[in-house]
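The values are calculated or read from the model by the stated rules, or taken from the named source; none is laboratory data. Given the structure is predicted, the values throughout are model-derived calculations rather than measurements. Cβ placement follows ideal geometry from the backbone for every residue including glycine, while neighbour counts extend to all protein chains displayed. Calculation scope for accessible area: heavy atoms of the full protein, side chains included, ligands and nucleic acids excluded. Shrake-Rupley method; radii C 1.70, N 1.55, O 1.52, S 1.80 Å.
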Amino acid sequence: MKPSDVTVIIPTLFRETLSRAVESLKDEGAGAVLLIGGHCLSMQRNRGARMADRDVIVYMDDDCIATPGF
């Protein structure tokens with residue numbers, strides 16, 4: 001599986017760390033990155049899952065950095 005085969009869902013409150021998280025995913029070639037805002041984490045995750053357009057879904061916090069080969 002390649003990173004481009006994955007939809008990454010980031011539930012977020014749009015904190016300052018978000019841009020680093022998104023940049024790290026772009027550097028790794030992630031297929032789709034969905035930023036889902038709101039205050040209810042489970043609702044954010046469910047909404048993202050409904051929007052995903054790939055078979056594999058990865059959830060990532062907005063303060064994480066994707067490392068090589070994530």
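Check whether at least one residue in region 10-23 is aliphatic (A, V, I, L, M), open to solvent by 50 Å² or more (accessible area, probe 1.4 Å), assigned to a loop (DSSP other than H, G, I, E, B) and touching a Lys or Arg at 6+ places or on another chain (Cβ under 9 Å), and report yes or no. Can you show your working first?
Here is the first cut: in region 10-23, the residues aliphatic (A, V, I, L, M) are 10, 13, 18, 21-22.
Filter once more, so that each one left must be open to solvent by 50 Å² or more (accessible area, probe 1.4 Å): 13.
Adding the requirement that they be assigned to a loop (DSSP other than H, G, I, E, B) leaves 13.
This time we only want the ones that are touching a Lys or Arg at 6+ places or on another chain (Cβ under 9 Å), so: none.
Within region 10-23, none of the residues are aliphatic (A, V, I, L, M), open to solvent by 50 Å² or more (accessible area, probe 1.4 Å), assigned to a loop (DSSP other than H, G, I, E, B) and touching a Lys or Arg at 6+ places or on another chain (Cβ under 9 Å).
Report the residue count in region 32-44 for those that are closer than 11 Å to V58 by Cα and either open to solvent by 20 Å² or more (accessible area, probe 1.4 Å) or part of a helix (DSSP H, G or I) (or both). Working first, answer last.
Step one: of region 32-44, the residues closer than 11 Å to V58 by Cα are 32-34.
With either open to solvent by 20 Å² or more (accessible area, probe 1.4 Å) or part of a helix (DSSP H, G or I) (or both) added as a condition, the list becomes 33-34.
So the count comes out to 2.
Filtering region 46-56 to residues that are surrounded by fewer than 17 Cβ atoms within 10 Å (Cβ to Cβ) and in contact (Cβ under 8 Å) with a residue 12 or more places away in the chain leaves A49, M51, D53, R54, D55, V56. In summary, V6 fulfils each of the numbered conditions (1) open to solvent by 20 Å² or more (accessible area, probe 1.4 Å); (2) of a type outside the set (D, E, K, R); (3) at pLDDT 90 or above with the single exception of condition (1). The set of residues from region 45-69 being in contact with a Leu (Cβ under 8 Å, 6 or more places away or on another chain), hydrophobic (A, V, I, L, M, F, W, C) and in a loop (DSSP other than H, G, I, E, B) comprises A52, M60, A66.
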